[in-house]
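Here's the structure, in structure tokens; my notes come after.
Each value in this text was obtained by applying a stated rule to the coordinates, not by laboratory testing. Source: prediction; values computed, not measured. Positions of Cβ are backbone-derived with ideal geometry, glycine not excepted, and every protein chain shown enters the neighbour counts.
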Amino acid sequence: MEVYVVHYGELALKGKNRGLFEGALVRNITARLDGRRVKRRYGRLIVEGWGPEVEGALGSIPGIKHFARAESVALDIEAIKGAALRLAKAAPPGPFAVRTKRANKAFPLTSLEVNRLVGEAITAETGRAVSLSEPALTIYIEICEREAYVYAERLPGLGGLPVGTSGKVVALVSGGIDSPVAAFLMMKRGCEVVLLHFFNETLHSLKVRGKIISLGERLAHFQGELKLYMVPFGSLQREIIRAVPARYRMLVYRRTMMKLAEEIARLEGAKALVTGDSLAQVASQTLENLRLIYEATRYPVLAPLIGSDKEETIALARKIGTYEISILPYEDCCSFMVAPHPETHGRPEVIAELEKGLVLDLAGAISRAEIESFDLSRAKPGPPAPPRNGSVD
């Protein structure tokens with residue numbers, strides 16, 4: 001039988017909760033593959049049937065360390081030899097190695113004995129030499145409770161934890177490079193992510209809306225079902241411009257966004273907010289300013305890129321397929337009517353005094369929010385899987 005052998009990393013360390021995480025991964029794979037059968041075997045999952053669409057899905061589902069296109073054969077050394085020989089004959093010439101894992105200790109041969117018998121059969125049939133240190137071909141054999149799996153190439157997954165195992169978060173997405181990457185990283189840590197975008201109605205256009213929707217579609221490639229709130233910010237922005245000097249507007253803009261995000265989080269039952277902040281990257285991201293911004297909400301604020309430099313973030317954006325969307329022309333509402341040299345060391349007492357004069361209809365803005373829902377059928381195809389020379393990290 002043609003199957004994919006799926007291995008996970010961190011899930012194996014979850015002790016008594018391992019079954020819950022494994023079950024979530026099974027559900028996510030099944031949903032992504034439209035009900036395709038997924039079986040649990042100790043320390044691995046088995047997905048039936050080969051196909052490029054299966055590889056594309058497995059390469060983009062958080063929680064998978066690596067996977068392989070394998071042949072499932074009976075628990076019989078001759079059947080195992082036959083599968084290994086087929087792989088060896090189909091591969092380019094060169095030395096080989098056989099590596100066996102025996103999860104089923106009732107199998108009559110040890111891992112070393114299987115390696116030796118299969119290796120001898122391949123050498124006798126093909127003339128290939130054995131090289132355990134630098135093989136051109138490695139044949140993997142996994143002996144499980146009911147069958148054995150034989151394969152020759154491991155494809156990298158995203159790693160991390162299955163979406164849905166770490167709770168729900170609301171991620172503020174600006175349309176730039178950083179915030180979609182931050183949202184992806186929280187998906188990879190097992191969070192169900194709800195996207196939140198603020199737009200300036202005077203600048204809002206079909207092009208801007210299309211860009212944000214494209215980012216949502218691309219991120220749905222990793223999470224599956226995904227919700228996006230697009231909240232109008234124009235009236236709030238005009239009120240801030242009226243009452244706040246230009247050098248402080250960015251801070252008040254972002255504090256107002258945090259208050260709005262908190263309300264969306266409450267509606268969604270989310271447990272935290274997520275930003276694309278990177279320490280000291282721009283004026284609003286100094287320690288003093290981040291503290292002022294984050295204090296506007298009672299929710300925890302997660303910033304997975306806080307220690308990353310721009311080049312690292314760009315590299316990851318390219319890997320996950322958001323970079324080309326993020327660099328499309330776009331007017332960020334936060335940049336509207338902000339001083340050329342904004343405040344970099346905001347003081348709480350100054351911001352508190354400025355905010356006293358504001359009349360902000362937060363509930364009205366939320367009531368006018370547009371809500372988009374994405375599912376797997378709308379997910380952008382993008383890169384089907386991370387590069388085969390390593391997992392996304």
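Key figures for this structure:
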| quantity | calculated |
| --- | --- |
| Rounded to the nearest 20 debye, dipole of the range 2-156 from Cβ charges on Lys, Arg, Asp, Glu | 600 debye |
| Magnitude of the charge dipole, the chain, Cβ model with Lys/Arg +1 and Asp/Glu -1, debye to 20 | 660 debye |
| Residues Glu71, Glu324 arranged by fewest to most Cβ contacts within 10 Å | Glu324, Glu71 |
| At most 16 other Cβ within 10 Å, DSSP loop - GluC sites (Glu not before Pro), the range 142-221 | Glu145, Glu153, Glu201 |
| Highest to lowest packing among 306-315, 240-249, scored as the average C-beta count within 10 Å | 240-249, 306-315 |
| 20 Å Cα-Cα reach of Lys211 towards aspartates and glutamates, excluding residues that sit fewer than 8 places from it in its own chain | Asp178, Glu201, Glu225, Glu324, Glu331, Asp332, Glu370, Glu372, Asp375 |
| Pairwise Cα inverse-distance average, inverted: Kirkwood Rh of the chain (Å) | 23.4 Å |
| Positive dipole terminus of the range 2-156, leading residue within Ser133, Ala103, Ala90 (C-beta point charges) | Ala103 |
| For Glu10, net neighbour charge (Lys/Arg +1, Asp/Glu -1) across residues whose Cβ lies under 12 Å away | +4 |
| Rounded to the nearest 20 debye, dipole of the range 82-153 from Cβ charges on Lys, Arg, Asp, Glu | 80 debye |
| Helix-only [θ]222 nm of the chain, DSSP H runs n ≥ 4, -39500 (n - 2.57) each, per residue, nearest 500 | -12000 deg cm²/dmol |
| Neighbour-count ranking [beta-carbon atoms within 10 angstrom, fewest first] of Ile29, Ile64 | Ile29, Ile64 |
